[in-house]
1. Starting from segment 348-367, take each residue that is touching a residue at least 40 places away in the same chain (Cβ under 8 Å) and surrounded by 13 or more Cβ atoms within 10 Å (Cβ to Cβ) and list its partners that are polar (S, T, N, Q) and part of a loop (DSSP other than H, G, I, E, B), counting only C-beta distances under 9 angstrom and pairs at least six apart or across chains.
2. Take residues that are closer than 30 Å to T147 by Cβ and tell me which of the helices (runs of 4 or more DSSP H) falling wholly in segment 335-435 contain 2 or more.
3. Determine which member of the set E195, E166 is assigned to a helix (DSSP H, G or I), under 14 Å from G18 (Cβ atoms) and away from the ligand (no atom under 16 Å from the Cβ).
4. Here is a check on your reading of the model: is G227 free of Cβ contacts under 8 Å to residues at least 12 places away in the same chain, within 16 Å of the ligand (Cβ to nearest atom) and of a type outside the set (K, R)?
5. Scan segment 321-333 and give yes if some residue there is under 15 Å from F168 (Cβ atoms), of a type in the set (A, V, I, L, M), part of a helix (DSSP H, G or I) and within 16 Å of the ligand (Cβ to nearest atom), otherwise no.
6. For segment 89-96, check the following and say yes or no: at least one residue is part of a helix (DSSP H, G or I) and closer than 22 Å to N399 by Cα.
7. What is the one condition in (1) of a type outside the set (G, A, S); (2) over 23 Å from the mean Cα position of the chain (by Cα); (3) modelled with pLDDT of 95 or more that F344 does not satisfy?
8. Please work out which residue is surrounded by the fewest Cβ atoms within 10 Å (Cβ to Cβ), limiting yourself to segment 372-409 and to residues that are under 15 Å from K240 (Cα atoms) and in contact (Cβ under 8 Å) with a residue 24 or more places away in the chain.
Amino acid sequence: MKREKFSSRLGILLAMAGSAVGLGNMWRFPYMVGVNGGGAFILLYIIFVIVLCLPIFFSEFILGRRSQANAFGAFRKLAPGTAWPLVGILAIATPMIILSYYSVVGGWSLKFLANALSFSFTKEGADLGSMFGNFAGSTWGPCIAHTLFLATTAGIVLGGVQKGIERFSKVMMPLLFLLVIAMGIRTLTLPKAGEGLVWLFKPDFSKVGISVCAAALGQAFYSLSLGYGIMLTYSSYVDKKENIATSAVKITGMDLLFSLLASCAIMPAVFVFGLEPNAGAGLVFNTLPHIFATMPLGGLVAIIFFLALLVAALTSSVSLCEVGVAFLVEEKHLKRSTATIIVFAFCWIVGIFCALNGKVFDIFDYVSSNILMILGSLFMVIFVGWRMKRTDVFDEFTNGGTLAANKRIFGFVWFVIKWLAPIAVLFIFISNFIG
Ligand code: PFF
């Protein structure tokens, strides 16, 4: 069977950036910057992204494109008869767990977009304080919203790599950037927006310690969707002629730019209205509606914001779903439609538990983003650095020795993949655990 490929360079970039840009950029990054030393955290984050994450990104790219297979098949093909495919199982299972609860959050976004469209936040007497709690704590609402969101995700994945994922990303990613820029213009023209910017960006190096390093590294992995077999799966659809290094740099740049834009669009508003900055669901579903209710043009900004949140969540959830579908199609020889239905059914059931029980939700989130993701990245980079032959990695990274610039940086990239990245990631992971 002929494997599908992305049809254009732009399609590749936007699909991968679509996976990277998501809730992590909109509700995690701005808060982390603010509480972890502002500009100092950003500097640290950028250093980690360039020195550690890019080489890990290259590794996932190399694994996927070299093997032309899904996250499990890649290890089976490149290291037959060994225990390495177990890492592939981890790289398939983790996205399935994430998709189950990501879809619950996607459902909340859908519901809040509906609220925004009916101007519920700006209505006289709206009970903003308990709007989210009442919804998320109810039985039917979150389950229905989760079902709708997951069905939309599955519908896009069902369309295939080119006609589903690529086409959707090409329309949605530019829209997403426009939405966040529009919201940023509104926020930054509010009086006293400058104070919020100062809180966000003023460097405070005294806060930087091992836990802040761990936070910056974890955020970078999460934000770039590294360590889950996602970039591996997507890069297996990338043509052999593409330049791995420039593609990864562009995607990373887009992700960083989006995080900074989202920070400027959200946090100054929190300050102008004197609210407590917080992270996660609290920021997006509790704090921001208060702001939309008070801000001039708030009803409209609410629509823009929740639409952006929904789009960001969808392009990421599509990538999660594709990992499982690619595995079932290639390893179990199922039809794409059957594979999609199986992934849908699994994530729907697990997601229902998350929708109904906040504790299950928190455990899944913690285990997948703090443990499985780091282990996944670590194994992949060790595989490329220690199990693959240097000549094969060189061949893949330089397109058979034809890319002069890639040849020049290969020595450094190889050093980071083999030594620096595994040691640094392990050190930060363990020291943060020990406390
Ligand atoms: N990178 C996405 C974000 O920043 O929200 C989140 C994400 C998507 C993480 C897909 C992991 C993943 F597999």
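1. Partner pairs satisfying both residue conditions: A355/T139; L356/T139.
2. 336-356, 358-366, 373-382
3. E166
4. no
5. yes
6. Looking through segment 89-96, none of the residues is part of a helix (DSSP H, G or I) and closer than 22 Å to N399 by Cα.
7. (2)
8. D392
The values are calculated or read from the model by the stated rules, or taken from the named source; none is laboratory data. Since the structure is predicted, the reported quantities are computational estimates derived from the model, not experimental observations. Quick reminder, even Gly has a Cβ in these numbers, built from the backbone with ideal geometry, and neighbours come from all protein chains shown.
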